[in-house]
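The values are calculated or read from the model by the stated rules, or taken from the named source; none is laboratory data. Keep in mind it's a predicted model, so treat the numbers as computed, not measured. Heads up, the Cβs are rebuilt from the backbone with ideal geometry, glycines too, and the neighbour counts pull from every protein chain shown.
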Amino acid sequence: MNDLQLNEYQQSALTRLAVEALTPMQEAALTACRNHNDMILLSPTGTGKTLAYLLPLIEHLQLGIEGVQAMVIVPSRELALQIDSVVKSMALPWKAMSVYGGRAAMDEHRSMRGIAPSIIIGTPGRLNDHLNKGNIDARSIQALVIDEFDKCLELGFQGEMQEVIEKLPAVCRHYLTSATDMEEIPAFTGVRRPIHLNYLTDTESESRVQTFIVHSESKDKLHTLYKLLCALGGGQAIVFCNHRESVERIGGYLREQRLAHEAYHGGMEQEIRERALYKFRNGSSNVLISTDLAARGLDIPEVQHIIHYHLPGSEDAYIHRTGRTARWDAEGSSYLILHSEEHVPEYLTAAIKEYALPERAPRPEPPQWSTLYIGRGKKDKINKVDIAGFLYKKGGLTRDDVGTIDVHDYYAYVAIRRTKVKQLLAMVVGEKIKGLKTKMEVAK
């Protein structure tokens with residue numbers, strides 16, 4: 001694995017995540033946390049910061065201790081769910097749990113009353129709610145992580161974060177991560193004499209991104225965007241806009257053109273946002289139209305193309321958007337759609353090519369996958385193995401026909417090869433999963 005000595009739980013976690021070797025940044029973070037109580041880790045989006053702080057947390061967690069031992073503060077529900085999923089995939093002997101707004105706090109409290117989580121991941125407001133109600137015993141919490149700290153401040157969570165941290169009397173280790181540099185760390189964080197790890201100056205990922213200008217004859221760029229998406233031939237693409245209304249407008253236009261896509265912005269209901277991300281991740285949709293909400297804190301692998309329908313508001317915004325592609329060792333492309341009155345931002349100093357749109361480009365082929373909604377979940381004692389077995393046995397599918405399975409409390413999503421969906425739905429009519437009747441349909 002690595003020359004760095006790892007304990008059995010760390011080794012097992014990496015094996016379950018199929019991580020063969022740590023990156024230099026992750027190794028440095030683990031070494032730093034062994035020698036310092038406080039760490040500030042600066043690294044671009046998509047470079048593995050989650051694992052960089054989870055490994056040190058695992059090292060300090062103790063067996064047989066009741067109550068929360070580590071708290072992770074995050075700026076969004078999506079990031080909370082993502083981290084929770086990573087921890088659960090590690091199959092550790094410690095329970096993890098995510099808490100966030102948009103669902104009943106009482107449901108979360110019921111889950112805590114069983115086996116209390118050792119790691120709790122949450123948004124500031126919901127963490128405060130549970131702390132104020134006594135649902136979380138703060139006295140046992142010794143490690144605090146603030147993930148995407150700069151984003152937390154940007155979204156105005158400073159007051160709520162300060163309120164959370166003031167309720168944690170026993171914290172002796174602080175880990176802060178950020179994708180942008182910060183002039184100073186607010187005193188309320190409790191960070192004292194931290195070790196700084198700065199990986200923001202690494203331009204390796206930038207060299208793997210090709211940047212193009214796409215000229216639009218009209219200020220209304222809808223037709224230009226459509227032609228560009230056709231020219232890209234169905235590769236995974238995120239289209240960034242500056243306004244929620246623009247996301248909806250573009251979505252409506254692409255719907256008229258019968259081009260598969262998903263929309264994503266902060267004004268949407270949480271379940272709809274989660275479904276949009278899931279369909280984009282599993283390949284049921286190759287196009288995600290979003291505000292800058294999708295530029296940070298989301299694990300969206302294998303994005304080939306970033307399209308700036310609107311110019312980003314700042315250099316930082318551009319960096320975060322473009323950081324969605326060329327992750328790890330991959331390569332990617334960034335496209336700026338400009339009309340005659342718009343110009344390339346001054347901060348883009350690298351070579352930029354012009355992308356000539358073809359007069360005619362064939363419509364992209366439909367995505368290979370489709371998403372199936374199943375109306376049963378964890379609360380019904382249904383897991384991924386149950387669903388996979390049902391689809392193989394009752395649906396006549398093979399392993400190659402079934403993609404990602406995502407099980408929530410009361411429902412599940414499954415990626416099914418598009419060409420097999422009709423056959424599957426016909427074969428499972430009236431069938432039960434573990435003796436339970438359930439609704440199954442293509443997710444809208």
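Laid out as a table, the results:
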quantity	calculated
Evaluation of Thr419 against (1) in contact (Cβ under 8 Å) with a residue 24 or more places away in the chain; (2) under 25 Å from Arg258 (Cα atoms); (3) among the β-branched types (Val, Ile, Thr) (one fails), failing number	(1)
Any hit, segment 124-134, residues being in a strand (DSSP E or B) and in contact (Cβ under 8 Å) with a residue 12 or more places away in the chain	no
Matching entry among Val421, Val428 (being farther than 26 Å from Ser89 by Cα, surrounded by 12 or more Cβ atoms within 10 Å (Cβ to Cβ) and touching a Lys or Arg at 6+ places or on another chain (Cβ under 6 Å))	Val428
Test: residue in segment 15-26 that is among the aliphatic types (A, V, I, L, M), within 26 Å of Gly156 (Cα to Cα) and in the same structural domain as Leu155 (by TED's automatic domain parsing)	no
Criterion violated by Gly377 - all others in (1) in the same structural domain as Lys434 (by TED's automatic domain parsing); (2) of a type outside the set (Asp, Glu); (3) in contact with a Gly (Cβ under 8 Å, 6 or more places away or on another chain) satisfied	(3)
Strands (runs of 3 or more DSSP E) lying entirely in segment 329-419 (those with 2 or more residues that are closer than 18 Å to Thr438 by Cα and touching a helix residue (DSSP H, G or I) at 6+ places or on another chain (Cβ under 8 Å))	369-374, 402-407, 412-417
Count - residues of segment 420-444 that are under 12 Å from Thr371 (Cβ atoms) and part of a helix (DSSP H, G or I)	1
Matching entry among Glu160, Glu148 (being among the acidic types (Asp, Glu), closer than 21 Å to Val87 by Cα and touching a helix residue (DSSP H, G or I) at 6+ places or on another chain (Cβ under 7 Å))	Glu148
Of all residues making up segment 68-123, the number that are touching a Pro at 6+ places or on another chain (Cβ under 9 Å), touching a residue at least 24 places away in the same chain (Cβ under 8 Å) and over 16 Å from Val145 (Cβ atoms)	1
One residue from Leu197, Leu277, Leu254 being crowded, with 17+ Cβ neighbours inside 10 Å and either hydroxyl-bearing (Ser, Thr, Tyr) or farther than 24 Å from Pro44 by Cα (or both)	Leu254
Residue match in segment 101-113 (condition: small (Gly, Ala, Ser), in a loop (DSSP other than H, G, I, E, B) and closer than 25 Å to Arg16 by Cβ)	no
Residue in segment 143-154 that is out of contact with any Asp or Glu (no Cβ under 7 Å at 6 or more places or on another chain) and surrounded by fewer than 16 Cβ atoms within 10 Å (Cβ to Cβ) present	yes
Identity of the residue in segment 15-53, without any contact (Cβ under 8 Å) to a residue 40 or more places away in the chain and in a helix (DSSP H, G or I), that ends up nearest to the chain's Cα centre (by Cα)	Leu51
Filtered residues of segment 374-409 (kept if hydroxyl-bearing (Ser, Thr, Tyr) and either in contact with a strand residue (DSSP E or B) (Cβ under 8 Å, 6 or more places away or on another chain) or surrounded by 15 or more Cβ atoms within 10 Å (Cβ to Cβ) (or both))	Tyr392, Thr404
Selection within segment 352-370 - small (Gly, Ala, Ser) and in contact (Cβ under 8 Å) with a residue 12 or more places away in the chain	Ala361, Ser370
